[in-house]
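In what follows, a single structure is set out as structure tokens and then discussed.
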């Protein structure tokens, strides 16, 4: 995702990829973990600029009051000029470095969007399809849950336009549903600034995602039994009901399938299954939030099929509408 989602500072993939025991992801920290450090740099530059400006004013006043200090003031003014030149050069270099970091972060986020979108939308979407989710942030002290909504605003032939809103951001996706191709991606950030990036080539998307996943592998949990190479989701035999207002949704449930290996107790397998359950219903349009996908980069199989998301550990459906097919 690029700066439409958050200001695009360099991010730490440790923030994105968490261990199998806790698949929830603090995506805001993933994008913005360096914000405080960057603000400190900006503050330092601003303070230095303020000091130098006041020094110049003081010198000018001093010259007008005492001509005999002329030589001394000229020397200081030259020193001030050299300091300004050095600071400007350093600032320009820092700005160039920050721009490069920001550009890389934007492209990594765009690669994430392009890589995950094929798993996010149903093939039979119609104009008017709508979902709204509540998000439970377990790391926040907010009393009210955040809301995230997605809506199909238009469909002409096989091309659909989808609008997503969350945390003050508005994103648009224009998609060929038949070929499952992202044709265009644009939107507005929380400041109302329009962003319309050029899509990356498939080779660049693949390269950037491989790099992300390789770093994810380095952060794997060393305490997991050797028999578990990576988590795999599978459908449970029993469907479960989910209450939404006065109605009830009969849901397909998928969860991590923990293999039977030495050291894994039935209680542990049951606990993992409960913690990782994801609920789906064919009555709900398949419109999945962008931020949701970060926790499932290694497990796209959990979203196979055309059923819409009802509930998982962080997202829970709040309202939906399915247009007539």
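The values are calculated or read from the model by the stated rules, or taken from the named source; none is laboratory data. Computed from a prediction, not measured in an experiment: that's the story for all the values here. No Cβ is skipped: glycine too gets one built from the backbone with ideal geometry, and neighbour counts run over all protein chains shown.
The table for this structure:
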{"item": "Some residue of the stretch 248-270 being touching a strand residue (DSSP E or B) at 6+ places or on another chain (Cβ under 6 Å), closer than 21 Å to residue 117 by Cα and without any contact (Cβ under 8 Å) to a residue 60 or more places away in the chain", "result": "yes"}
{"item": "Flag for residue 257 being more than 16 Å from residue 238 (Cα to Cα), at pLDDT below 95, out of contact with any helix residue (DSSP H, G or I) (no Cβ under 6 Å at 6 or more places or on another chain) and surrounded by fewer than 19 Cβ atoms within 10 Å (Cβ to Cβ)", "result": "no"}
{"item": "Single match in 123, 156 (criterion: surrounded by fewer than 14 Cβ atoms within 10 Å (Cβ to Cβ), closer than 22 Å to residue 280 by Cα and more than 18 Å from the chain's Cα centre (by Cα))", "result": "123"}
{"item": "Per-region count, the stretch 186-231, residues at pLDDT 75 or above and not in a loop (DSSP other than H, G, I, E, B)", "result": "18"}
{"item": "Qualifying residue in the stretch 308-320 (condition: surrounded by fewer than 22 Cβ atoms within 10 Å (Cβ to Cβ), free of Cβ contacts under 8 Å to residues at least 24 places away in the same chain, farther than 13 Å from residue 120 by Cα and out of contact with any helix residue (DSSP H, G or I) (no Cβ under 8 Å at 6 or more places or on another chain))", "result": "no"}
{"item": "Enumeration of residues in the stretch 234-279 that are in a loop (DSSP other than H, G, I, E, B) and farther than 28 Å from residue 306 by Cβ", "result": "259, 260, 261, 262, 263, 264, 265"}
{"item": "Flag if residue 145 is touching a strand residue (DSSP E or B) at 6+ places or on another chain (Cβ under 8 Å), modelled with pLDDT under 90 and surrounded by 12 or more Cβ atoms within 10 Å (Cβ to Cβ)", "result": "yes"}
{"item": "Identity of the residue in the stretch 280-296, under 11 Å from the mean Cα position of the chain (by Cα) and not in a loop (DSSP other than H, G, I, E, B), that ends up nearest to residue 248 (Cα to Cα)", "result": "292"}
{"item": "Test: residue in the stretch 267-276 that is crowded, with 20+ Cβ neighbours inside 10 Å, over 26 Å from residue 124 (Cβ atoms) and within 23 Å of the chain's Cα centre (by Cα)", "result": "yes"}
